[in-house]
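Below is one structure, written out as structure tokens, with a few remarks after it.
The values are calculated or read from the model by the stated rules, or taken from the named source; none is laboratory data. The structure displayed is predicted, hence computed values, not measured ones. Cβ placement follows ideal geometry from the backbone for every residue including glycine, while neighbour counts extend to all protein chains displayed. Heads up: the accessible areas ignore ligands, DNA and RNA and are worked out on the full protein's heavy atoms, side chains in. Shrake-Rupley method; radii C 1.70, N 1.55, O 1.52, S 1.80 Å.
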Amino acid sequence: MEENSKENRRDFIKKTAVLAAGVSIVPRHVLGGAGYRAPSDMLQVASIGVGGMGKSDVNNFHKSGKAHIAYLCDVDRARAKDSVEKFPKAKFYTDFREMLDKEHKHIDAVSVSTPDHNHAIQALAAMELGKHVYVQKPLAHDVWEARALTHAAKKYKVVTQMGNQGASGDGVRQMREWVDAGLIGDLLEVYAWTDRPVWPQGIAWPAKKATVPSTLDWDKWLGTAPYTDYIDKLVPFNWRGWWPYGTGALGDMGCHNLEAPFSIYGLQYVKDVQASVGTVYVDEFKRGYFPESCPPSSSVTLTFPKTAKTKGDVKIHWMDGGIQPPRPDELEPDEKFGNGGNGILLIGKKGKILADTYAANPRLLPTSKRYKDVKEKYARVPGGASGHWAQWVEGCLAGYGKMEMSAPFEISGPLTEALLMANLAIRGADLRIDNKYPGRSLKLLWDNNNMRVTNFEEVNQFVKRTYRPGWEIDYKF
């Protein structure tokens, strides 16, 4: 009887274990009823910067149906108001450092939608905690920061995406298929342009101080930037035109208009860059000097080394402030050049591709010509450009390396770095030394491995800026 009792007990344990195992693998949504999504199936998102573009980002993550907006952080309570009201259960912070310190165990992913000068410090803090990150364009403020973020994404094995939604659009995939099919032949050069800035540039820093709004934590808004007194209209939009905080028209639109040629041809780091900038005169023959302000317009040429998809080096020409390249002869007089204010033009030996902002509405020139049909080769992102946010959410839930992203730091890091190299040339052209402008006529030669310009030492101060004490970024490659 004692032996039988032991056997019965063993059978009972086996049956109980099998039953328990069966129960444990029942999907949570079955237990919760139709439409129920278990907390473990939802991405727990913390958003830094939730007004303006940040508000749009948070809403788009939420629309995916797979992201729980768990934490909100913003230094401006007035700007954050709409997001706080829409997500009342999300805990609100004004200091991202406090939020990450206290809540990191409950956070899966972090979005960063703050002014450019604070992108890197916030994104790195999240990645160092092993959090997936979504960062608005441009990825960083300085060349060194862009390189650091690219390196950190690989080091910490996190899912990354930059907020240039055109990278998820159908247009760039259509253009890639045309290029792969040889419809324009070998690439000769690229033009991209924008009517930005649509904020003041080429102006003096206002002398008049202003009162800091009661809803704004000015010190935290400054973050990594040098301390200065508050001025009107810097926040929430016009900071884009000031070098301590923004990256000008290139930072605002370059990531949108140059992403297509960059990703299609597998471009990486620049060899050299040269720039010319618009000049502001404050009196007869008296040139204004506004070192803190981006110039009103610029034209930049970047040279990239040969890639697997090009026969030789690639030259990209960038223009902003309303400057546009010559209209192609193949374009009819009444046809729009790009979308009017912005555009992308790829020039090959056999043909040309013209597209609008975000690589939308691509067309082969001349548009009247009949071209051979090209089979769809690259999978489209569900929802196109509007699916950019959901793609990142899905990627985070799948895990590092499990899903292809449209704008991972592997691609968007070097893209941002190239744009910031263009800004380096712009700042060099506008740099006054002993009442002269020695960088105006130079082609800057870039030592990529050592991240420095080899023929104009003065401009290397902008490769990595000096951070405000207490806001330093200490990242080791």
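Surface composition of the chain: carbon plus sulfur atoms hold 51% of the accessible area, using a 1.4 angstrom probe and ignoring ligands, DNA and RNA. With Kirkwood radius over Cα pairs in Å as the read-out, I listed [x] 22.4; [y] 23.6; [z] 24.2; which label goes with the value calculated from this structure? Computing Kirkwood radius over Cα pairs in Å and matching it to [x] 22.4; [y] 23.6; [z] 24.2 gives [z]. Our Cα-only numbers for the stretch 93-178 put the radius of gyration and Dmax at 14.3, 50 Å. Once the Cβ-Cβ distance of ASN435 and SER368 is raised to the sixth power relative to R0 = 45 Å, the FRET efficiency obtained is 0.25.
Near GLU189, the amide H atoms lying under 5 Å from its own belong to ILE347; only residues 5 or more places off or on other chains count, and H is placed 1.01 Å from N.
The mean sequence distance of close C-alpha pairs (under 8 Å, at least 6 residues apart), as a share of the length of the chain, puts its relative contact order at 20 percent. Projected label points at ARG468 and GLU410, each 7 Å from Cα along the beta carbon direction, are separated by 3.7 nanometres.
Take the chain with all the other protein chains still there, run a 1.4 Å probe, and you get 47 Å² of accessible area per residue. Classify the stretch 197-353 from the C-alpha gyration tensor, please: rounded if a/c falls under 1.5, else prolate or oblate depending on whether a/b exceeds b/c. Cα axes put the stretch 197-353 in the prolate bin. With a Förster radius of 56 Å applied to the beta-carbon distance between ARG287 and LYS375, the computed FRET efficiency rounds to 0.50. Using a simple spin-label model with pseudo-atoms 7 Å out from Cα toward Cβ, LYS309 and VAL84 lie 4.5 nm apart.
The lysines within cross-link reach of LYS352, meaning a Cα-to-Cα straight distance under 26 Å and a gap of 8 or more places when in the same chain, are LYS271, LYS306, LYS309, LYS311, LYS315, LYS336, LYS369, LYS372, LYS375, LYS377. What does the extension gain come out to for ALA207 and GLU457, with contour length at 0.36 nm per residue minus their alpha carbon separation? Here the answer is 86.9 nm. Here the Karplus relation 6.51 cos²θ - 1.76 cosθ + 1.60, evaluated at θ = phi - 60°, turns the backbone of the stretch 173-180 into coupling constants of 6, 4, 4, 5, 5, 5, 5, 4 Hz, with x for every Gly and Pro. Near SER293, the amide H atoms lying under 5 Å from its own belong to TRP243; only residues 5 or more places off or on other chains count, and H is placed 1.01 Å from N.
Can you tell me the FRET efficiency between THR215 and HIS104 if r is taken as the Cβ-Cβ distance and R0 is 25 Å, rounded to the nearest 0.05? Once rounded, the FRET efficiency stands at 0.40.
From the alpha carbon centroid of the stretch 180-258 to that of the stretch 360-390 is 30 Å. Across the stretch 181-196, rounded Karplus estimates of 3J(HN,Hα) from the backbone phi angles (6.51 cos²θ - 1.76 cosθ + 1.60, θ = phi - 60°) give 7, x, 5, 10, x, 4, 6, 9, 6, 10, 10, 9, 8, 8, 8, 5 Hz, Gly and Pro being marked x.
For the stretch 410-427, backbone phi angles converted through the Karplus equation (6.51, -1.76, 1.60; θ = phi - 60°) give residue-by-residue couplings of 4, 9, 6, x, x, 4, 4, 4, 5, 5, 6, 5, 4, 5, 4, 5, 4, 5 Hz, Gly and Pro being listed as x.
With all pairs of separate Cα atoms included, the stretch 143-202 yields a Kirkwood hydrodynamic radius of 15.6 Å. Projecting the Cα positions of THR194, VAL159, ILE107 onto the charge dipole of the stretch 103-260 (unit charges on Cβ atoms of Lys, Arg, Asp and Glu, taken about the Cα centre) puts ILE107 furthest along the positive direction.
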